[in-house]
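Single-structure report; data block below.
Every read-out reported here was derived from the displayed coordinates using simple, explicitly stated rules and does not represent laboratory data. For clarity, every value in this text was computed on a predicted model and none was experimentally measured. Here the Cβ positions follow ideal geometry from the backbone for every residue, glycine too, while neighbour counts run over all protein chains shown.
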Amino acid sequence: MRILLLLFALAFTTCQMPGPSSDLVMCHDPGSAVDEFAMFASESEFRAAHPDPKPIKIINEGEVIEFPVEGQENGRGYRVMVDKNSQKYLLLFHEWWGLNDYVKREADMWSKELNVNVLAIDLYDGKVATTSEDAGKLMQANNAERSIALIKAAADFLGEKAEFSTMGWCFGGGWSLQASLVLEDKAKYCVMYYGMPEKDTDKLNKLSAKVLMIHPNKDKWITGEVVTQFQDNMKAADKSLEVYHFDADHAFANPSSPRYNEEHAVQARKYVHAFLENF
C-alpha cells in the first residue's frame, strides 16, 4: 500500500495538469532551470505574448548539416563558415519556435558582423513551429538529455581544439547558459537574451564563460527578481556577469514579434558586439 501511495505521489509531482488558463500537460522537473522555463508554455498569457511569426524569405549563406550523436540519431544544425582555419565558433540556440529562417538569418548576420564561424544547433530535431500552440508543445516536449547530447556532439564534430561562445533567445537564452556549463572551459563567452538562468549554485561554480544578460524590464517571466537572484548567485560563485536592462518586453529583439523594439534591439546588439569583441 505504501508503495502505491509513493508511486501516486511521484506521478502527481512530476506530471501535473496545468491551471484553468492552460491546456497543456506539464511533465517537467520544477527544480530544473530549463524545465522551469518550459512550464511557461502551459500559460495562455505566455503563448499570447508570442504571436505567430511573420514569414520571411532569405537567401541562406550557410548550410544545413548533420553531425553524429553517439547512440542516438544524428543531430542537425545550420552552419556558416567564414574562416575554415579558425577554431572559434559561435553557437546559437533558437527560440521556442525551432530552427526557423529567423534564426538562420541571425546566424548569417552574426557571422558577418563578428567575422566568426557560426553553428545554430537544432534542439527540436527538424521540427519547426509556426503557431504559438505548436511552439508550446515542442518546448514542453524538449528532452534536456537529448539537448545536452546534441551540444556535446556538436562540439566534438567541430573539433578537439574548438573554442566557443554561446548565444540564445527566450528558450534558447536558457540553453545558451546550459551549453556554456556543458562545454566547461571550452566556452569563453555566453549571451542570454531574456533566458532562464541556472539557479543551482553548484553548477554555476563550474562555469568558465563570462556571461552577458539582456533583460527587458517588462518581462513577466524572466522577472527582475529572477535576474537579481542570478546576479547574487553569480557573485557568490565569483563569476563574471554583465546585465543590461531595457524598458521593453519579452521578445523585444525578435523582428518577427509585435513586441519588437528596433531602438532597443540595436542597442542590445551593440552591447553584445562589445562583449564578444575579444573572442
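So here's what we get for this one:
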quantity: Angstrom value of the Kirkwood radius, inverse mean 1/r, which spans all Cα pairs in segment 154-279; calculated: 14.7 Å
quantity: Relative contact order of segment 98-148, defined on C-alpha pairs under 8 angstrom at six or more residues apart (%); calculated: 38 percent
quantity: The chain, helix-only ellipticity at 222 nm - DSSP H runs n ≥ 4, -39,500 (n - 2.57), divided by all residues, nearest 500; calculated: -11500 deg cm²/dmol
quantity: Amide H contacts under 5 Å for Gly75, placed H, 5+ residues apart; calculated: Phe67, Val69
quantity: DSSP bridge pairs, the chain: antiparallel proportion in percent, nearest 5; calculated: 30 percent
quantity: Stretchable slack from Lys161 to Lys84, in nm (0.36 nm times residue separation minus alpha-carbon distance); calculated: 26.4 nm
quantity: Helix runs (DSSP H) in the chain reaching 15 Å along axis by Cα, Kyte-Doolittle at least -0.5; calculated: 2-14, 144-158, 171-183, 262-276
quantity: Relative frequency of Cα-Cα separations exceeding 33 Å in segment 2-276, percent; calculated: 17 percent
quantity: With eigenvalues of the C-alpha gyration tensor scaled by 5 and rooted, segment 47-197, Å; calculated: 23, 18, 15
quantity: Fewest-first sequence of Ile148, Ile58 by Cβ atoms within 10 Å of each Cβ; calculated: Ile58, Ile148
quantity: Sequence-separation-based contact order of the chain, relative, with Cα cut under 8 Å and 6+ spacing, percent; calculated: 15 percent
quantity: Stokes-Einstein D (µm²/s) once Rh is taken as the Kirkwood radius of segment 114-205 over alpha-carbon pairs, at 20 °C in 1.002 mPa s; calculated: 153 µm²/s
quantity: Label-point separation, Thr130 to Asp200 (7 Å along Cα→Cβ), nm; calculated: 3.8 nm
quantity: Residues Gln231 and Asn278, FRET efficiency given R0 of 25 Å [Cβ-Cβ distance, rounded to 0.05]; calculated: 0.65
